[in-house]
Structure formats: structure tokens, C-alpha cells
Amino acid sequence: MSAAIPKVLVVDDAATVRMYHRAILETGGFAVEEAANGYEGLEKALSTTFDLVLVDVNMPKMDGYSLVRALRGQPATASLPAILISTEAEASDARQGYAAGANLYLVKPVRPDDLTLNARMLTARLAR
Amino acid sequence: MIASQRRTSNVAPPTAAELEKLVEFLYRKTGMLFEPARHPFLEKRVQDRIAAGDCDGFAEWFGRVRFELGGGECQALINAVTVNETHFYREEYQFRCMVSSILPEIAARKAPGERIRIWSLPCATGEEPYSIGMYLLDHWSDADRFDIEITGSDIDTDALRRARDGCYDARALQYLSPAVVARYFRQVSPGTWQLCEALRSSVEFTTANIADSSISSAGPVHDLVFCRNLLIYFDDVSRRRAAEALYDCLKPGGFLCLGHSESMSRISSIFGMRVFKDAIVYQKAP
Amino acid sequence: MGLVRSRSALEAPAPSGPPLARLADSAPDVRRTAARELARAPGGPAVLCERVAVEPDGAVLDLLLTLLVARPSRDVVVRLLALLSSDDARLRAAVAEALEQMPGPLEAEIGALLEHADPDIRLQGVVALQHARIPSAPRLLREVLAREGHVNVCAAALEGLAEVGDEAALPAVEAVRARFPEVPFVNFAADVCVARIRGGHDR
């Protein structure tokens, strides 16, 4: 069973974006950890139990699609809710995101309410 | 002292915003995250570097860190903020992982009579390769079923000479239990212990320079490589080359351990990662 | 059994056949060896750049780029820049990183990237500028911010200026707030940028 405070892993190479998502999520009652690229994101997601992962698409070392696919390929994280966040607004990019195994695909820049509501929705089944 | 030199005590500490900027930069470049508890340490090192570079203040110094061709000041900063000392059983959790998770997996795919090859690089004065030997003899139940080759390599031939001699002081032995010291060492003079001949003669020491890709000239023959607390001191290009050389010297499915404050996430994504009970370890594709 | 001394130094057998053909071999290890040989050969880097575009194995791709980064040149940079338009996110990221590690020749080409018609390319240019050792970065980022109309490119420029910006950037930072009044992230990023830039003067 998940801890009382849902934990989110924010994976993005831009420090300001991580700070922004952290501020929104902490205000929304989430605990937040960060990773600065997809490879570090994978290391952290496999070492710690998270309730949700936010994944930027364009990152060095391991892009967001590859990270989500890697998470889906591991038993420990196969069902970890994942929101892919990208600057790309083409429908084909969203399709690629869902094909990789993301639960949701959002376009940057993300609005605070959109992030909070979706984060709550994806972690709701874990709350008791 | 030259009149224009500034002493550390005359350099103002970085402001909160300057420190945040530096912490973000170090995290991006190295993966090391300096939490608030370590900020006083970081501030002091920054003041030292500003003074050493005779800079006008943080902005000028950080500009050098950021833009200097070749990245010399950036490397000097990284050197200054990473603490390194070598002793036996350093980062012991990786030796635990070696015995509980890595070696059993390697052993399972060995043909009868096929050797297990472990490489410690850089080995400095030998504490690491000898620690590997001692630890697996003491803790790996299958150690006597396999021929295990341990090689220690370094670029420093003086260090290699001392490694072969196998003499150490109390500081190097401080994390070993008295039982382990008694089992593997003999005191040869006040303050000096020598590793037993049996262990000294079972580790091969060679000269090698990881920056020159010749470390893989023998081909992919190693099962497990320890390359700890070396890559962090390399610039971006050298780190990439070193990662490729390490990849090429490993057998398919071979394992790589870096130092505890290092991560492949700032170097290369060519290695798969294995999350074991005791450690995260990198692995070449099987 | 137990610990044994190494046997004498091993040498891997030399591969046969011309490296160009081996660069397209079905075995990744063969391609790796071929790539190393070609890197040292005249005209080799250009061949490696061509292979970068089509190499399916992530580890071989990384090696190709590592070999190229060790031999930076304008020709290599120009060939790799063309790959930033790829649909393959992994390829784009790998190429972008390699370009950042060739700051000398990259600096000469970065202006064209920053003025490219495609905002995705401009965005990649701004990110590369933030990571690479390009001394003109503060000025270039400031200029991008002053003229850029795409919100994500501006956001990336703000990110870069938070690290390397100086007081000369402050007017452009304030102006970008006014350009995107409806975008909370821009305001947030501008606040961070100002705090980092001004940070040196709060005593």
C-alpha cells in the first residue's frame, strides 16, 4: 500500500522546469524527487517506489519515450503511472507516447491546474 | 606572495542565489547533488577556488568554470569538492553486491574451467584489488570452484610498485575487523602491516591508461570491472571515451561498478543498469 | 581454484576485410571495431556521420559519436546538424549532446540554428548553447530572448540565462513576461532568471 503522501519523480533536463513542476506538485500535496535525464530517472525509479513519474521527452542520455518503455519493461515499474511532457504538439507524437506506454501526454508549457488534476487522477486509486 | 593575490579569507562567500546556481551546475555536470548540509563545505571550496584563480568574485570565477576552453577550472572545482581517500573495503556495499548478486550470475554462465576475470582500474596502491580478493575469499562460498583472476592497473608506476610490496599503514586498515587483519596481514614494523604473500602473489598488477583505448586491446574478456572514483575527474569527451573502452573490455553481460557518488547518467547510456539489493551496477548487453 | 594469477597479456584477433563493409555488418561488435578503424582513416569521419543517421544499435551509435567528438571539425558539425530534424528522439538527443561537446566548430554554426525557421531546431540550438562552452552564449541567449516568438524557445532561453546571464539580459527577461502574459511557466522562469542574475548583488 502506498504511503499517505504520494511521491512523484520529475524527470527533465531543465532545472527551471523541474522547479516549476515541483512547486505545483508540492502545493498539490505531493512529495517530489527529481532526475535530470532519462537514465538517472530510470535509476531512481528502480531504486525507490514512486506513485507517479513525469517524463520530459527531449533529454540527453535517454529520451522520454525510451524511459517509459524501459519502465514498462521492468516488473517493479510496469504499472507506474507515467505522464509524458513534450514541446511537440503533433498527434503523431502523442501516439508515440501512448505506444511507449505513457498514461497521459501533455504539451509544454504545462498549466498548474492541468498538472495537479491529472496527477491526482493518476494517483487516486492509490490513496486510501 | 604577489600583491594582487587574494587570500581565501578576503573572498566573500557566495550569495544564496549564486550557490543555487552552482549546485544546479554541479548536479547537471556530475550528478552530485549538494544538499543544504553540505553547503558550508561547498562555500569554502568556492572561496578557495576564487582566491586561487585571483578572480574578482563569484561571477568572474563562475564564468571561467563555465566557458574556459578545455574546462580546467571546472575540473579543478570538481577535484576540490570530491573527497577521496583509499583504504581497504572502501564502499564495501559493492563488495557485498559482488558476492551476493554479481558473482553468482557470472558463475552460472561459466563453462567448466573457464576463468572469472575481475579488473580494478585504477588500483592505485592496491587496496581495491586486494580488497576484492580478500572479500570474495571470505564471503563467496563458490570461490574455490572457479579460477578467479584479479588484475589491478594504474597509470602511476610508483603506486603499482607500492601495491606489489603490499605494505600499508593503520589508516588504510582502519575499516577492517581485527580478524581480517590477523588473517591477511603481518605487522612488519611499528605502524606498517604487510599483506600476506599468498594474496600478493595472486593479484597481477599492470600499467594501463584508461584514457588511451588500449585497455580493450585484449578484447572483451573481463567479467567484472571496478572503475571507481576516476571518471568523475575526466572532462566530458574523455569520460565518453573511457566508457566506450570499458564497454569494449567487458564480456557480453559483464558488470561495471563506479564510485558511490558517480553515475553513468552523466557519462553514457550504453550500459544497462541492474538494481541489486546492495547496489546499482552497470552491465554490458548480454 | 580460488585466486589465480593472470596468464600473459591477451591480444584480440585482428578483423579481416575492409572496414567500410564491416561498418554495415549485422553484428554490433564488428561495426564497433570497424568504426574505430575508420575514425583514424582519411575521410573516415564523414563516413561515420553517414552511419550515425542509420545506426540502429544504441551502443554503436554512442561509439560513432564518441569517435566524432574526439575529432571535432566544421565538416562533422555541419553533417550532424542536419540530423537534428530527425523524427527519432534518441538520435536527436545523442547528436545534440555530441554537438555540445564540439564547442569550437559549433560556435561558428550556432547562429544559423538560432535563426532556423523550425522552432524545434531553434529550441535545440538554445539548449546546446546552454550546455556547451561557448563564451558568446550570454549575448546570444539574450538576443534570442529579445526577438523570439515561440514560447518554448523563450523558456529555454530563460533557462540558459538563469545560469549564464548577466544584468544586460534583464530588460529582455522583463519583456518576455509581457509577451506571454497568459503562460504561468514563463512568469515562473523569468522570476528564477532574475533571482539568479541579481543574486550576485544581494548582500
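The numbers here are math on the coordinates, done by the rules we state, and not lab data. What you are looking at is a predicted structure, and each value in this text was computed from that prediction instead of being measured. All Cβ positions, even for glycine, are placed from backbone atoms using ideal geometry, and neighbour counts span all protein chains on display.
A Cβ-based charge dipole, computed about the Cα centre of the range B:211-286 with Lys and Arg at +1 and Asp and Glu at -1, lands at about 200 debye.
Could you state, as a whole-number percent, how many of the C-alpha pairs of chain C are farther apart than 21 Å? When all Cα pairs of chain C are counted, 60 percent exceed 21 Å. With the convex hull drawn over the C-alpha atoms of the range C:1-43, the volume per residue is 123 Å³.
Can you give the Rg to Rh ratio for chain B, taking only C-alpha atoms and Rh from Kirkwood? Write down the numbers at each step before the final one.
On the way: Rg = 21.0 Å, Rh = 20.7 Å.
In chain B, Rg relative to Rh is 1.02.
Taking GluC sites (Glu not before Pro) in DSSP loop states with no more than 13 other Cβ atoms inside 10 Å as exposed sites, chain B has its longest site-free stretch at B:115-286. Cross-link partners for A:Lys61 among the lysines, with Cα-Cα distance under 23 Å and sequence neighbours closer than 8 places in the same chain left out: A:Lys44, A:Lys108, B:Lys21, B:Lys29, B:Lys251, B:Lys284.
Summarising the label geometry, the points placed 7 Å from Cα in the beta-carbon direction at C:Ala108 and C:His150 lie 2.6 nm from one another.
Over chain B, what is the relative contact order in percent, taking alpha-carbon pairs closer than 8 angstrom and at least six residues apart?
Values: 429 pairs, mean separation 49.7, N = 286.
The normalised contact order for chain B reaches 17 percent.
For chain A, modelled as a GNM whose springs connect Cα atoms under 10 angstrom apart, the maximal fluctuation among A:Pro112, A:Pro60, A:Pro75 occurs at A:Pro75.
When B:Cys123, C:Cys49, B:Cys167 are arranged by Cβ crowding within 10 Å, least crowded first, meaning fewest neighbours, the order is B:Cys167, C:Cys49, B:Cys123. Using only side-chain charges placed at the Cβ, +1 for Lys and Arg and -1 for Asp and Glu, the dipole size of chain A relative to its Cα centre rounds to 420 debye.
The simple Förster model, with R0 at 56 Å and r as the Cβ-Cβ distance, assigns B:Ile155 and A:Ser79 a FRET efficiency of 0.75.
Would you mind ranking B:Leu33, A:Leu9, A:Leu52, A:Leu84 by Cβ crowding within 10 Å, fewest neighbours first?
Working: B:Leu33 13, A:Leu9 21, A:Leu52 24, A:Leu84 27.
In increasing order of surrounding Cβ atoms, one gets B:Leu33, A:Leu9, A:Leu52, A:Leu84.
A Förster radius of 35 Å, combined with the Cβ-Cβ distance separating B:Arg7 from B:Tyr233, puts the computed FRET efficiency at roughly 0.85. For the pair A:Arg95 and C:Leu20, label points projected 7 Å from Cα toward Cβ lie 3.9 nm apart. With viscosity 1.567 mPa s and temperature 4 °C, the Kirkwood radius over alpha carbon pairs of the range B:151-253 converts through Stokes-Einstein to a diffusion coefficient of 82 µm²/s.
Projecting the Cα atoms of C:Val95, C:Val69, C:Pro18 onto the charge dipole of the range C:1-121, computed from C-beta unit charges around the Cα centre, puts C:Pro18 farthest toward the positive end. Going from the residue with the fewest nearby Cβ atoms within 10 Å to the one with the most, B:Ser141, B:Ser101, B:Ser268, B:Ser9 rank B:Ser9, B:Ser141, B:Ser101, B:Ser268. Could you check how many percent of all C-alpha pairs in the protein assembly as shown are farther apart than 43 Å? Of the Cα pairs, 25 percent sit more than 43 Å apart.
Find the relative contact order for the range C:56-124 and round it to a whole percent, using C-alpha pairs within less than 8 Å whose residues are 6+ positions apart.
Relative CO of the range C:56-124 lands at 30 percent.
What's the FRET efficiency of C:Asp57 with B:Ala179 using the Cβ-Cβ distance as r and R₀ = 41 Å, to the nearest 0.05? According to the calculation, E is roughly 0.25.
Send over the semi-axes of the range C:28-92's equivalent ellipsoid, whole angstrom and largest first, taken as the square roots of 5 times the C-alpha gyration tensor eigenvalues.
Semi-axes from the Cα gyration tensor: 17, 15, 8 Å.
The Cβ shell under 13 Å around A:Val11 holds other residues with a net charge of -4, Lys and Arg each +1, Asp and Glu each -1.
For chain C, what is the relative contact order in percent, using Cα pairs closer than 8 Å and at least 6 residues apart in sequence?
Numbers: 211 pairs, mean separation 22.5, N = 203.
Reported relative contact order: 11 percent.
Net charge near B:Leu121, counting Lys/Arg +1 and Asp/Glu -1 over other residues with Cβ under 11 Å of its Cβ? Before the final figure, lay out each step's value.
Details: positive: B:Arg228; negative: B:Glu128, B:Asp154.
With Lys, Arg at +1 and Asp, Glu at -1, the neighbours total -1.
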